[in-house]
Every structure is written in structure tokens, then in C-alpha cells.
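> Please find one structure pasted underneath; my questions will follow.
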């Protein structure tokens, strides 16, 4: 089977691990090609219209693959059984249609490899994917005739975020690839035409748009260097540093804004092991959740991680309480994890502390609709957070209204009680807090400081990959729990 360049590029992104579903199939050309070249074990050719389905059936029959390809009438994925499907391809549709199909199929969140080739509104699709917990693994451009398309490879990782307009316009392209540069330059031409039209109308200021266009052009031409200041500004966009608690020390704690970034390591804590890993990987910026300088340094020693950073020319940006509080920040991440693990209501509310000296800022309150014991919930929380130890004290209420605060949130128990919550999930619980929870009849879960915040490193890496084209961004493998338990 001969496919055009566009479908061949889609085929190159298929995982090769099992069953492929081609949504809106084009004569079943792609499924037949995949089977004939051993790229999948079975395929489904789906479409909502009878004409394309008849053409698909004819193609499958001609190829003698009736036992390997099922032709199914389906509106998107509504009539498709998810059993065994490893890849879903949606090619030749508008971005809004693609997003609607994904939203209607929550089973795609279970590790399904998505191959998406939007015909229109690519920036809309990129933003939608990240807002809904998907990541773009890679993006490749392909020319076909006088048109150039993008093929997006995406997977669900659960980290929701609002990406910048710049990333939405340019995507996750490899800038060393000629086709990718061709796509970006063509898109820049389109954006310049939009800017010129706005200026002619005289209705809006184009300064922000023109600045973005200039940045995209300079990056694509290799003139734009990513600086520590650029990374700081991107983090500040999603988790404003001005929102930090008075006792916190978030921000650019080591280094200078104008330093060019050669590589980024993200971590929960900046330890000597993390610094060693950063040096080995030739990176010069660590972005962490916990501040590397928390209390004033009255003596400088190489035993202090901050001093070692300076000695090795490594900058550090730390985003602590701003990331706890942020929309899609750590407490929202935990709420999302609970929503996937338990049956919950669709609403959540902030747990705003008005008390001075609160530990990690705003938490969240979520409603659980399942009936379960404290023991069962503790087991499921332990699995959800990655297998760490969970301590708990059963309360006297049926668990429905649950409060969440990442890190060390014991001091917020009074706020939890005032909000009439039945249970509280946090970490680093002190003895007196356990006693108060039992007295108030609240089920209290201590899931550990490390385990309730370690996802911050992955979140930051995902965010910064969208903001630093051409810069290697990795989560520290040395970001581990230093505590050991014996039962």
C-alpha cells in the first residue's frame, strides 16, 4: 500500500506495540500500510460516514487483511472498544474535532500513544493537550505537495498546565530539522500577516504579538539564547513569585538573569547528589521546589549546596509556596491524582488559610463519592503516591469531604476542621496534630513530605521543555527519598 508523505509521517510515530485505531480513516490506507510493514499486530479503521467505510472495506479486502483490520462505524471513538489498543491515529481533522474526540474517551489516559495530524488550528490543539494533562513527546513537520503539515505525538501524563502563546504557536519541534524550520518560518509569515492586519485596523496594539514573532524568528535562526531570566519569567508566569508566603524564600537564589542556559535539571531538593548529576550532565541551572537557601547563611562552606553551586557556575531557581498555590500547581496535581484514583465530584475548592505561619499555603478540598474504610483509603493513597509509607488515624465520620495540603500541612488542621472536612491528606504530621485530629473526629493521613511533593520535579521539567527550545531539560534521577523505614 502506497501512502502519501503525510500518512507515512504518521506511520513513523506509531509505537509498533499492538493494535492501532485509525479514526476518520482514509480508505484504510494507513491501517493496511501498518500491517503490511509489520508496524502493528492488528488495526481498526473507523469512520462515521458510510462512503469512507465502504472504501475502507474495499481496500482491506483487496489487501487480504480482513482478519487483521476491523472496519467500524463510529463517531470518533464512541463505538471503539479500548481493549488492546496501543495507538490512536487522528489525521486530516481540525484541531477542535480532535480535542473533542480525545475528551470523550478517558481510556486514552491509560498510556495510549496518540498520533495527531491537525489540518487547522494547531496552536489550539497544543494548548488543549497541555491543559488536559497530555504532553507532546515530539512533533515533526512534513511537506506534501505545496502544503506542510505537523504530526504531533502525545501521551497522557496527568500534569495539567497552561503553556505560553509562544509554545502554542511553535510546538515541540527539533530545530535542527530542515522540515521543522520550514514549518516554523511559514507560520511566522502567517503571524506577520496577522500583525499587519491588526495594525491596519488600528484596533489593537501589536507589541506583544510582534515581540513573540521576533522571539520565534530568532530561535529558528539560532540567534536567540535561552537565559536564566527567560526560565525565571516562564515559571513566574504560571506560579507568580509575588504569591509566596512571607516566611518563604522563592525566586532566583543563585546566579544571574543574563546567564545563558546550557542545560536544566529539575528536582524537589537541591542536594550534593543533584549538583553532582547537574555537573555530569553539563547543565548549569537547577530548578527546584524547595529553596536551596532557606535561612540566612552566616558562614560559607563547600558543605553548603548553595556555595557549591556558586563554585561550579550553576544557577538555582526555587519555586516553593507559589507552586503549591498555583492553578495546576502541586495541590491541584494531588487533587487530579485523587480524581483518577477515586470516584469524586467534579468540583474542588481552595482551602485558604488565613492564619500566619501556615506551612505550605493554600490546599484544596475535594468530594469523594466512594464508601471505604480509612485502611482501604490509606492503601490506595500509598499506591497513588508511589509506594511510600502512609500513616493514618481513623476518624469518626464517613469519608466524603477531603482536604489536601502538600508537604508539611499539619498547622492547617484547624482550617480543615472549620471547613467541616471528614479527612485530611498531608505530610510531616506532628504528635499534637494527630491528637487534635482524633479529638475532632477527622481521619488524618500522613503520606510523607517527599511523596506529596516529588511530582513538582516532573511538572517543572514538562513546563520548561515548552519554554526552552534547543535546551536539554531533565528531571534529576538523584531526586529520591532519603528516609528509610523498617516495619
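The values are calculated or read from the model by the stated rules, or taken from the named source; none is laboratory data. Not measured: the values here are computed from a predicted model. FYI the Cβ positions are ideal-geometry reconstructions off the backbone, even for glycines, and counts take in every protein chain you see.
> Within region 370-479, which helices (runs of 4 or more DSSP H) (wholly inside it) include 1 or more residues that are assigned by TED's automatic domain parsing to the domain that holds residue 276?
The qualifying helices (runs of 4 or more DSSP H) are 455-467.
> Right, something else. I want to confirm something. Restricting to region 137-178 and keeping residues that are more than 21 Å from residue 92 (Cα to Cα) and free of Cβ contacts under 8 Å to residues at least 24 places away in the same chain, which single residue is nearest to the chain's Cα centre (by Cα)?
Residues of region 137-178 that are more than 21 Å from residue 92 (Cα to Cα), as a first pass: 156-167, 174-178.
Pick out the ones that are also free of Cβ contacts under 8 Å to residues at least 24 places away in the same chain and you get 176, 178.
Values: 176: 24, 178: 28 Å.
Among residues in region 137-178 that are more than 21 Å from residue 92 (Cα to Cα) and free of Cβ contacts under 8 Å to residues at least 24 places away in the same chain, the one nearest to the chain's Cα centre (by Cα) is 176.
> Taking region 113-131 as the search range and keeping residues that are out of contact with any helix residue (DSSP H, G or I) (no Cβ under 7 Å at 6 or more places or on another chain) and surrounded by fewer than 21 Cβ atoms within 10 Å (Cβ to Cβ), which one is modelled with the highest pLDDT?
131
> Restricting attention to region 340-358, and to residues there that are modelled with pLDDT of 85 or more and in a loop (DSSP other than H, G, I, E, B), which single residue is nearest to residue 244 (Cα to Cα)?
342
> In addition: Looking at region 85-100, which of the residues that are without any contact (Cβ under 8 Å) to a residue 40 or more places away in the chain and out of contact with any strand residue (DSSP E or B) (no Cβ under 6 Å at 6 or more places or on another chain) is surrounded by the most Cβ atoms within 10 Å (Cβ to Cβ)?
Initially, region 85-100 is screened for residues without any contact (Cβ under 8 Å) to a residue 40 or more places away in the chain, giving 94-100.
Retained after the next criterion (residues that are out of contact with any strand residue (DSSP E or B) (no Cβ under 6 Å at 6 or more places or on another chain)): 96-97, 99-100.
Numbers: 96: 14, 97: 19, 99: 23, 100: 14.
Step by step, filter region 85-100, then rank; the result is 99.
> Go through the residues of region 12-23 one by one and say whether even a single one is touching a helix residue (DSSP H, G or I) at 6+ places or on another chain (Cβ under 6 Å) and modelled with pLDDT under 95.
No, the conditions are met nowhere in region 12-23.
> Within the group 106, 82, which residue is without any contact (Cβ under 8 Å) to a residue 12 or more places away in the chain, under 20 Å from residue 153 (Cα atoms) and under 29 Å from the mean Cα position of the chain (by Cα)? Before the answer, list the steps.
On the way: 82 fails: without any contact (Cβ under 8 Å) to a residue 12 or more places away in the chain.
Exactly one of 106, 82 is without any contact (Cβ under 8 Å) to a residue 12 or more places away in the chain, under 20 Å from residue 153 (Cα atoms) and under 29 Å from the mean Cα position of the chain (by Cα), namely 106.
> From the list 336, 245, pick out the single residue that is more than 18 Å from residue 231 (Cβ to Cβ), at pLDDT 95 or above and surrounded by fewer than 21 Cβ atoms within 10 Å (Cβ to Cβ). Explain how you work it out, then say what you get.
Values: 245 fails: at pLDDT 95 or above.
336 is the lone residue from the list that is more than 18 Å from residue 231 (Cβ to Cβ), at pLDDT 95 or above and surrounded by fewer than 21 Cβ atoms within 10 Å (Cβ to Cβ).
> Looking for whichever is in contact with a helix residue (DSSP H, G or I) (Cβ under 8 Å, 6 or more places away or on another chain), without any contact (Cβ under 8 Å) to a residue 60 or more places away in the chain and closer than 27 Å to residue 447 by Cα here; the options are 295, 348. Which one fits?
On the way: 295 fails: in contact with a helix residue (DSSP H, G or I) (Cβ under 8 Å, 6 or more places away or on another chain).
From the options 295, 348, the qualifying one is 348.
> In the set 285, 309, 297, 268, which member is over 26 Å from the mean Cα position of the chain (by Cα) and buried (at least 21 other Cβ atoms within 10 Å of the Cβ)?
Working: 285 fails: over 26 Å from the mean Cα position of the chain (by Cα); 297 fails: buried (at least 21 other Cβ atoms within 10 Å of the Cβ); 268 fails: over 26 Å from the mean Cα position of the chain (by Cα).
Unique residue meeting the criteria: 309.
> Quick one: which of 443, 426 is within 19 Å of residue 485 (Cα to Cα) and touching a helix residue (DSSP H, G or I) at 6+ places or on another chain (Cβ under 7 Å)?
Values: 443 fails: within 19 Å of residue 485 (Cα to Cα).
Of the residues listed, the single one that is within 19 Å of residue 485 (Cα to Cα) and touching a helix residue (DSSP H, G or I) at 6+ places or on another chain (Cβ under 7 Å) is 426.
> Of all the residues that make up region 239-262, how many are on the phi > 0 side of the Ramachandran plot and either outside the structural domain of residue 467 (by TED's automatic domain parsing) or within 23 Å of the chain's Cα centre (by Cα) (or both)? Lay out the reasoning, then the answer.
Quick first cut of region 239-262, residues on the phi > 0 side of the Ramachandran plot only: 251, 255.
Now narrow it down to the ones that are either outside the structural domain of residue 467 (by TED's automatic domain parsing) or within 23 Å of the chain's Cα centre (by Cα) (or both): 251.
Counting residues in region 239-262 that are on the phi > 0 side of the Ramachandran plot and either outside the structural domain of residue 467 (by TED's automatic domain parsing) or within 23 Å of the chain's Cα centre (by Cα) (or both) gives 1.
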